[in-house]
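Q: Let me give you the structure first, and then I'll get to my questions.
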Amino acid sequence: MTGEAGTAGPRALARQRRRRSAVRFWRSYRTHGAGLLGLGALVLFALVALTAPLTVGSDVAGVTDAPGRPLQSPSAEFPLGTDQFGRDLLGLVVWGSRVSLLVGLLAAVLSVAIGAVVGITAGHFKGAYATVLMRITDWFLVMPTLVLAIALATVMSRSLGTVILAIGVTSWPTTARLVRAQTLAVESRPYIERAKALGGGHWHIMTRHVLPNVTPLVLAQTTLMISSSVLAEATLAFLGLGDPTVISWGGLLQDAREAGAVSAGDWWYLVPPGIAIALVALAFTLCGRAVESVLNPRLGVAR
């Protein structure tokens, strides 16, 4: 019984600390009007994407039974007009939100995960290992991210996995630099020396001491990276490097370009997906800036 109480006590205390940290974080976050605006917009976009199978149905992408004529202007029947096949553009934009948001989220998570691993290990081990990693990071930093992503997407098969991989493996260096700097700051603190003196190994130091301290920075960087990833996905799809079998906002823009919507003045084919991309990127940026301002300069609110 004593052992169980001793085990439950620290766990309950840890849960209480996490709850208090979450409450403090939310109290600070809600003082940022722009952050709340961005969060509300993201919740709306998430609901639209999640309920798309119920609101528009998966058959909205079908071209054989399109409900309208090609390139109809907006009307009461089709609020955003139709595309080159006669499909309802409103339904296509709603359905495309699922792919664009999913690819942006997964690509950002992959990018930040790579950057966090590189940054933590380079800051912890130092020496020749850190030097090699940082030189590789510098090489990726000086190379245009979009060019590298296009090169990867070109040589690999055209699929959502390829787009996610292309964005993720080319946009991690900034996160690696930030996490390494924070890791060096954390490992200079006295309690790290005490942990090493008590026999704490590399894994223990990195996972129990360094990772919790860099997690707020990683969270803020992830929020900011999602907007960049959504834009990158739209760019790759617009260039024809995405999966042609799925509907995304960038893919709609690419279809509009191929249909000659720009020269023909069919603005309803271009404007809705473009506005959707801009609004999502802006919303994630507002949220990321708010999170960053709450966590900086000490990055201690969410610990």
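Q: Could you please state how large a percent of the accessible area of the range 45-143 is carbon and sulfur, counting protein chains only and using a 1.4 Å probe?
A: Summing carbon and sulfur atoms, their accessible area is 71 percent of the total for the range 45-143.
Q: Among 213, 159, 201, which residue has its Cα furthest toward the positive end of the charge dipole of the range 149-263, with +1 on Lys/Arg Cβ and -1 on Asp/Glu Cβ?
A: Toward the positive end, the furthest listed residue is 201.
Q: With the cut-off at 33 Å, report for the chain the share of all Cα pairs above it, as a whole percent.
A: On the way: 17149 of 45753 pairs.
Counting pairs separated by more than 33 Å, the tail of P(r) holds 37 percent.
Q: Something else about it: Give me the dipole magnitude in Debye, nearest 20, for the chain about the Cα centre, with unit charges on the beta carbon: positive for Lys and Arg, negative for Asp and Glu.
A: Values: 25 positive and 15 negative charges, 437 e Å.
That gives the chain a dipole magnitude of about 2100 debye.
Q: Determine, from the Cβ-Cβ distance of residue 65 and residue 156 and an R0 of 30 Å, the FRET efficiency 1/(1 + (r/R0)^6), rounded to the nearest 0.05. Please list the in-between numbers first.
A: Numbers: r = 33 Å, r/R0 = 1.10.
For R0 = 30 Å, the calculated efficiency reads 0.35.
Q: Once Rh for the range 1-158 is found with the Kirkwood sum over Cα pairs, what is the Stokes-Einstein diffusion coefficient at 25 °C and 0.890 mPa s, in µm²/s?
A: The calculation lands on 115 µm²/s.
Q: What nm value, rounded to one decimal, do you get for the distance between residue 18 and residue 141 when each label is placed 7 Å out toward the C-beta?
A: 3.4 nm
Q: With N residues in the range 208-303, what two-decimal value do you get for its Cα radius of gyration over 2.2 N^0.38 Å?
A: 1.45
Q: Where does the chain land at 222 nm, in deg cm²/dmol rounded to the nearest 500, when only DSSP H runs of n ≥ 4 count, each adding -39500 (n - 2.57), divided by all residues?
A: Values: 13 runs with 217 residues, N = 303.
It comes out at -24000 deg cm²/dmol, rounded to the nearest 500.
Q: Can you order the peptides 226-234, 70-78 by their average number of other Cβ atoms within 10 Å per residue, highest first?
A: Values: 226-234: 26.1, 70-78: 14.0.
Ranked by mean Cβ neighbours within 10 Å, highest first: 226-234, 70-78.
Q: For the range 179-198 and the range 102-159, what is the centre-to-centre distance using only Cα atoms, to the nearest Å?
A: So the separation of the two Cα centres works out to 25 Å.
Q: So if R0 is 41 Å, what FRET efficiency would residue 11 and residue 275 give, r being the distance between their Cβ atoms, rounded to the nearest 0.05?
A: With a Förster radius of 41 Å, E is 0.30.
Q: Any idea what the alpha-carbon Rg over 2.2 N^0.38 Å comes to for the range 87-240?
A: 1.23
Q: With every protein chain left in place, what is the accessible area per residue of the range 66-218 in square angstrom, probe 1.4 Å?
A: It amounts to 47 Å² per residue over the range 66-218.
The values are calculated or read from the model by the stated rules, or taken from the named source; none is laboratory data. Small disclaimer: the values here were computed from a predicted structure and weren't measured. Note that each Cβ is placed from the backbone with ideal geometry, even for glycine, and that neighbours are counted across all protein chains shown. The protein model used for the area step is the full one, side chains on, heavy atoms only, and it has no ligands, DNA or RNA in it. Shrake-Rupley method; radii C 1.70, N 1.55, O 1.52, S 1.80 Å.
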